[in-house]
């Protein structure tokens, strides 16, 4: 199993909008993809806004490619989400899940 991780810092007044976007748009779309296992949203408040770490789990890297395209580490960040962010990762990270 593979864990895909992406980090973004939401503007102070956009944190809940971002969570709503994940719950209403991103996660339902991911659930329709073969090989998608689960997703988690982690957050912490910072002076500049709310930092999010989005962690998704997939069966294989090939399954992730159905989401990301051929560049597996390319972050998938719609323009709507970019507008909510102070900053965000352009690249996702992948880790093999040991346990």
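The values are calculated or read from the model by the stated rules, or taken from the named source; none is laboratory data. Model, not experiment: these values are computed from the prediction. As a convention, Cβ positions derive from the backbone with ideal geometry for all residues, glycine included, and neighbour counts pool all protein chains shown.
Listed values, structure above:
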item	result
Hey, residue 66 closer than 20 Å to residue 95 by Cα and modelled with pLDDT under 95 or not	yes
Residues of the range 8-32 classified as in contact with a helix residue (DSSP H, G or I) (Cβ under 6 Å, 6 or more places away or on another chain) and more than 22 Å from residue 90 (Cβ to Cβ), total	0
Residues located in the range 34-47, provided they are in contact (Cβ under 8 Å) with a residue 24 or more places away in the chain and farther than 20 Å from residue 80 by Cβ	34, 35, 36, 37, 46
